[in-house]
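Engineer: I have a structure I would like to understand better, so I am pasting it below and will then ask my questions one at a time.
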Amino acid sequence: MQKNKSGGIGETIKTVVYAVVIAFGVRTFAYEPFNIPSGSMIPTLLVGDYLFVSKFSYGYSKYTVAFGAPLFDGRLLYTKPERGDVAVFKLPRDNKTDYIKRIVGLPGDRIQVIGGVLHINGEAVKRDRVEDFVTTDQFGRQIRVAQYIETLPNGRQHRIIEESDSASLDNTPVYVVPENHFFAMGDNRDNSLDSRVGAMVGFVPVENLVGRAEFLFFSIDDDARFWEFWKWPWAVRFDRIFDGVN
């Protein structure tokens, strides 16, 4: 009996070790889950969205390694992000905080916002007015915000919202994106702390890229928390589950 008991403990330990190794491998080399805590990427991503980020999209750096283990410097198997990708990266200011924004500027680009309109290399990015984005504020009042479809130079399209075209970040200087860096912006243009604010975010180093947002696996509104499963029938946004991130 003693032998069986010892064997059982040993098998349990092996199972736990295997599970940890597998989890470490998946989170490092394949996919990692993230949730959206703020509204800076509305209308593409909403507060309460849960999504998977592909770690292999841009190759691997010390910031893609699960649990932040600093195993190496630089970037392995690097694939350059495409303009329009929604990417998770470590905030350059502290190299710890996860941010999610849209990559709009590539190395060497000249980026500027004029009257709320994004300009890339001196050319205005096309935006087409569509139906208002409708949401509710913290007091439960319905509000409507101007919504546009923005078409980037490579043809990628996505939706953005603008409360106005004269907010503090709607007129900027020209930003020249350095080599091995990227320029990232939120789709909620008047409520996004992004590369337009150099002291807080600034240019994103290639090493800080964690991965590309791929698809939602869960979404729940502000009336419930993830663990409040008894509220799910009324709070879960079933129509968003398994949506790809565009």
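The values are calculated or read from the model by the stated rules, or taken from the named source; none is laboratory data. In this text, all values refer to a predicted model and were calculated from it rather than measured experimentally. Don't worry about glycine lacking a Cβ; one is built from the backbone with ideal geometry, like all the others, and counts go over all protein chains shown. These accessible areas exclude ligands, DNA and RNA; they are computed on the full protein's heavy atoms, side chains included. Shrake-Rupley method; radii C 1.70, N 1.55, O 1.52, S 1.80 Å.
Engineer: Would you list Lys96, Lys90, Lys80 from the most to the least accessible area, probe 1.4 Å? Write out the running numbers ahead of the final one.
Structural biologist: Details: Lys96 155, Lys90 35, Lys80 105 Å².
Heavy-atom accessible area, descending, gives Lys96, Lys80, Lys90.
Engineer: Still on this structure, please answer the following. Counting Lys +1, Arg +1, Asp -1, Glu -1, what net charge surrounds Ser166 among other residues with beta carbon under 14 Å of its beta carbon? Spell out each step's value before the answer.
Structural biologist: Values: positive: Arg189; negative: Glu162, Glu163, Asp165, Asp170, Asp190.
That sum, taken over residues with Cβ under 14 Å, equals -4.
Engineer: Computing the accessible area with a 1.4 Å probe over protein heavy atoms, can you report the carbon and sulfur percentage for the stretch 144-212?
Structural biologist: Details: 1430 of 2780 Å².
Solvent-exposed carbon and sulfur of the stretch 144-212 make up 52 percent of the total.
Engineer: On full extension of the chain, what length is gained from Leu193 through Asn180, given 0.36 nm per residue of separation minus the C-alpha to C-alpha distance?
Structural biologist: Values: separation 13, 0.36 × 13 = 4.68 nm, distance 2.11 nm.
Stretched fully, the Leu193-Asn180 segment lengthens by 2.6 nm.
Engineer: Give the accessible area for Leu77 in Å² (nearest 10); use a 1.4 Å probe, count only protein heavy atoms, and leave out ligands, DNA and RNA.
Structural biologist: Ignoring ligands and nucleic acids, Leu77 comes out at about 140 Å².
Engineer: Can you give the accessible area per residue of the stretch 173-246, in Å², using a 1.4 Å probe? Please report the intermediate quantities before stating the final value.
Structural biologist: Working: 3800 Å² over 74 residues.
Spelled out: the 1.4 Å probe surface of the stretch 173-246, per residue, equals 51 Å².
Engineer: Using the heavy atoms of the protein chains alone and a 1.4 angstrom probe, what is the accessible area of the stretch 89-161 per residue in square angstrom? Please list the in-between numbers first.
Structural biologist: Working: 3810 Å² over 73 residues.
Computed with neighbouring chains in place, this is 52 Å² per residue.
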